[in-house]
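Enquirer: Submitted below is the structure of interest, expressed as structure tokens.
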Amino acid sequence: MPIIHWFRRDLRLADNTALNAAARDSEGAVIPTFVLDDNLLKGRDVAPVRVQFMLESLRALDDGLRQRGARLVVLRGDPATELVRLAQVTGASALYFNRDYTPAARRRDKRVVAALQSAGVRVESFKDLVIFEEDELLTASGQPYTVFTPYKKAWLSRITPIQPERAEWRLAPLPDLPAAIFHIPAAAELGFTNTQDGPQGGEPEAMRLLMQFKDSGALQAYSTRRDFPGVEGTSRLSPHLRFGTISPRQCYAVALSTLSYAFPAKRSFSPAASDVKKEGADAWISELIWREFYMQILYHFPHAERANFNRAYDVVRWGSGDAALDEARFAAWCEGRTGYPIVDAAMRQLNRTGWMHNRTRMIVASFLTKDLLLDWRLGERYFMRKLVDGDPASNNGGWQWAASTGTDAQPYFRIFNPKLQSERFDPDGAYIKRWLPELARVPLEYIHAPASMPPLVQAQAGCVIGRDYPAPIVDHATQKEEILRRFKAVKSGS
Ligand SMILES: Cc1cc2nc3c(=O)[nH]c(=O)nc-3n(C[C@H](O)[C@H](O)[C@H](O)COP(=O)(O)OP(=O)(O)OC[C@H]3O[C@@H](n4cnc5c(N)ncnc54)[C@H](O)[C@@H]3O)c2cc1C
């Protein structure tokens, strides 16, 4: 009897734990299925650029399935209803899927599992989205980790070499199903108009990016290049890890293959500075571990999804006290018109492409919360509506880190100075000039603070402040004092 494989955040054929199990257990009689879930598509944080990426990935998945004798079944509606109906029509004996850990996904899965079981369908779920899940890594006292470094140590001490599985199987022909059930809609058919120029989806593209990252030497040089937004120094795999067009095990195995020493090894995790090759893979693996760290945080502390992880900061006052001013400042931040070039360049990169470099994500998040004094949830939500890799756990973790309200967060008194960040991480202004063409002719000495250009230089650069580019909307030093005062007040209980 066939087994339904329910694709969710695992839009690939290779190294897909539940799919491999379904192929094995049903001897190839798998019904590969995706549900366009109305609850998600109508959700408040849905981003057209993500929908586009997902649909491209579904098309690539269907291509791969056809090469193995099958097709992708695409249902639309509530998965609980649609999957029960599919099981009844096809006579499927079981439904397999890979687990997801966000509070919303867990609620949905509980409902779907109950519906299928009461219809007599066996359900099995698998670990796939992460290397360590749920309670697999706990402190000596059995508590979840809330600090990254010990979590990472535990992760590394438990990891073993991984051999990702290929999709070696072929699938049996599907039962007779109406042709319409294989239709993968265009974004417009679902009511979305994507205006961002997002990256290409699909499993082949994910593997191409991973191999390019390794073969170009960017992986080996990661630790020295990853912090510079003007340099192509990172993998760009985040949307693929988000939608599972690549697995964390495939990434990890490739990183490991660049290391010259045997692994796992009993060793300190701070390699010699001279060994850049080794450092690159180590640093990249560390980022993959951050992804899992935030996923287990949201799993163990679901309140963090909407509230401060650290509830002591619930009393921090956000905003200027003038709603219209806050609204105008927020709009300037969203649109990249704050007068701080590194912030504006980053927001324009996000708005245009659906992706932003990690360094500038930290800078703009710090700016929103510590310079504009606005609630991190506003920024988190804006990111979710624009990011092609928008992921509830990493996004929430990143925002709460920047706002100092999170687990193992940036301490509240360490506040990014946007100009110094800009000078340090975009020293030649390449990133700024790429995304802010109005600053293209601004001399390097003024690129990080164009408002300091004398009027004559402004005229020569074709960039008159207030006309072609805004003056800073807030004064960093003043705002820093104010946010420090607010956090200190909480600390002292006044
Ligand atoms: C405010 C803020 C919001 C963020 N929102 C998201 C988000 O919605 N989705 C998302 O995937 N990442 C998010 N990040 C983390 C990080 O910025 C991106 O994962 C990274 O920039 C993606 O680029 P890359 O694939 O080239 O990463 P690489 O540097 O090549 O890293 C490899 C992978 O590791 C993971 N990773 C890297 N850095 C982090 C990190 N700090 N936290 C968690 N995982 C990480 C990602 O899956 C990434 O693809 C956020 C960070 C901040 C500061």
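Enquirer: Report the calculated FRET efficiency for residue 143 and residue 430 (r = Cβ-Cβ distance, R0 = 41 Å), to the nearest 0.05. Mind dumping the intermediate values first?
Expert: Values: r = 45 Å, r/R0 = 1.10.
In this case the efficiency is close to 0.35.
Enquirer: At R0 = 30 Å, how high is the FRET efficiency between residue 414 and residue 232 if r is their beta carbon distance? Nearest 0.05 is fine.
Expert: Numbers: r = 28 Å, r/R0 = 0.95.
E(calc), rounded to 0.05, equals 0.60.
Enquirer: Which of the trypsin sites (Lys or Arg not before Pro) found in the range 162-247 are loop residues per DSSP with 11 or fewer other Cβ atoms within 10 Å of their Cβ? All intermediate terms of the calculation are to be shown ahead of the outcome.
Expert: Working: sites: 166, 170, 208, 214, 225, 226, 236, 242; in loops: 166, 170, 226, 236.
Those that pass, being in a loop and sparsely packed, are 166, 170.
Enquirer: Once the Cβ-Cβ distance between residue 59 and residue 177 is put in as r, and R0 is 22 Å, what FRET efficiency do you end up with, to the nearest 0.05? Before the final figure, lay out the partial values.
Expert: On the way: r = 18 Å, r/R0 = 0.84.
Efficiency computed from Cβ-Cβ geometry: 0.75.
Enquirer: Expressed as a fraction of 2.2 N^0.38 Å, the rule-of-thumb size for a compact globular protein of N residues, what is the C-alpha radius of gyration of the range 356-417? Please list the in-between numbers first.
Expert: Values: Rg = 10.5 Å, N = 62, 2.2 N^0.38 = 10.6 Å.
Normalised Rg, Cα atoms only: 1.00.
Enquirer: At 222 nm, what helix-only mean residue ellipticity would the chain give, in deg cm²/dmol to the nearest 500, using -39500 (n - 2.57) for each DSSP H run of four or more? Write out the running numbers ahead of the final one.
Expert: Working: 20 runs with 226 residues, N = 494.
Rounded to the nearest 500, the figure is -14000 deg cm²/dmol.
Enquirer: Hey, rough spin-label estimate for residue 41 and residue 484, points 7 angstrom out along Cα→Cβ, what's it come to in nanometres?
Expert: So the label points at residue 41 and residue 484 sit 5.2 nm apart.
Enquirer: Let me ask something else about it. Quick check: the angle from helix 376-386's long axis to the longest principal axis of the chain, C-alpha only, nearest 10 degrees?
Expert: Once rounded, the angle reads 60 degrees.
Enquirer: Take the solvent-accessible surface of the protein heavy atoms, probe 1.4 Å, and return the percent of it on the range 1-128 that carbon and sulfur atoms account for. Walk me through the intermediate numbers first.
Expert: On the way: 2320 of 4700 Å².
Summing carbon and sulfur atoms, their accessible area is 49 percent of the total for the range 1-128.
Enquirer: Taking every alpha carbon pair in the range 134-210, what does the distance histogram look like in 10 angstrom bins from 0, in percent?
Expert: 11, 20, 22, 26, 19, 2
Enquirer: Write down the accessible area per residue of the chain in Å², having rolled a 1.4 Å probe over the full set of protein chains.
Expert: Normalised by residue count, the accessible surface of the chain is 42 Å².
Enquirer: Right, next: For all pairs of alpha-carbon atoms in the chain, what percent lies in each bin of width 20 Å, listed from the first bin to the last filled one?
Expert: With 20 Å bins starting at 0, P(r) equals 21, 53, 24, 2.
Enquirer: I've got another one for you. First select every other residue whose beta carbon is under 11 angstrom from the beta carbon of residue 77; then total the charges, Lys and Arg +1, Asp and Glu -1.
Expert: -2
Enquirer: Label residue 318 and residue 460 with points 7 Å out from Cα along Cα→Cβ: what is the distance between them in nm?
Expert: For residue 318 paired with residue 460, the spin-label model returns 4.4 nm.
Enquirer: Also, quick follow-up: Which value results for Rg/Rh of the range 311-492 when Rg is the Cα radius of gyration and Rh the Kirkwood radius based on the inverse mean 1/r?
Expert: 0.97
Enquirer: Residue 76 to residue 135: extension gain in nm, 0.36 nm per residue of separation minus the Cα-Cα distance? Don't skip to the answer; put the middle values down first.
Expert: Values: separation 59, 0.36 × 59 = 21.24 nm, distance 3.33 nm.
So the extension gain works out to 17.9 nm.
Enquirer: Angle between the Cα long axis of helix 79-90 and the longest principal axis of the chain, 0 to 90 degrees, nearest 10?
Expert: Roughly 30 degrees, rounded to the nearest 10.
Enquirer: What are the radius of gyration and Dmax of the range 1-128, computed over its Cα atoms and given in Å?
Expert: Cα radius of gyration and Dmax of the range 1-128 are 13.9, 41 Å respectively.
Enquirer: Let me ask something else about it. By its C-alpha gyration tensor, with a ≥ b ≥ c as the square roots of the eigenvalues, how is the range 75-188 shaped: rounded for a/c under 1.5, else prolate for a/b larger than b/c, else oblate? It would help to have the intermediate numbers written out before the result.
Expert: Values: a/c = 2.38, a/b = 1.90, b/c = 1.25.
Prolate, since a/c reaches 1.5 and a/b exceeds b/c.
Enquirer: Largest first and in whole Å, what are the equivalent-ellipsoid semi-axes of the range 398-478 based on the Cα gyration tensor, each being the root of 5 times an eigenvalue? Let's see the in-between values first.
Expert: Details: eigenvalues 174, 37, 22 Å².
In descending order the semi-axes read 30, 14, 11 Å.
Enquirer: So what is the relative contact order of the chain, in percent, for Cα pairs below 8 Å that sit 6 or more residues apart? Could you put the intermediate results ahead of the total?
Expert: On the way: 805 pairs, mean separation 82.5, N = 494.
It rounds to 17 percent for the chain.
Enquirer: In Å, the Kirkwood hydrodynamic radius of the range 271-393 over pairs of distinct alpha carbons?
Expert: Values: mean 1/r = 0.0613 Å⁻¹.
Its Kirkwood hydrodynamic radius stands at 16.3 Å.
Enquirer: Once you put a point 7 Å from the Cα of residue 25 and another 7 Å from the Cα of residue 358, both along the Cβ direction, what distance in nm separates them?
Expert: Taking the two extended label points, one gets 3.6 nm.
Enquirer: If you add up the charges near residue 402, with Lys and Arg at +1 and Asp and Glu at -1, over every other residue whose beta carbon is less than 13 angstrom from its beta carbon, what do you get?
Expert: On the way: positive: 359, 361, 370, 377, 414; negative: 371, 375, 380, 408.
Once all neighbours under 13 Å are counted, the net charge is +1.
Enquirer: Moving on. Could you work out how far helix 476-492 tilts from the main Cα principal axis of the chain, as a 0 to 90 degree angle to the nearest 10?
Expert: Taking the Cα atoms of the chain, the angle to 476-492 is about 60 degrees.
The values are calculated or read from the model by the stated rules, or taken from the named source; none is laboratory data. Bear in mind that the values here come from a model prediction, so they are computed numbers and not experimental data. Note that we place each Cβ from the backbone using ideal geometry, even for glycine, and neighbour counts take in every protein chain shown. Side chains are part of the model used for accessible areas, which takes the heavy atoms of the whole protein and leaves out ligands, DNA and RNA. Shrake-Rupley method; radii C 1.70, N 1.55, O 1.52, S 1.80 Å.
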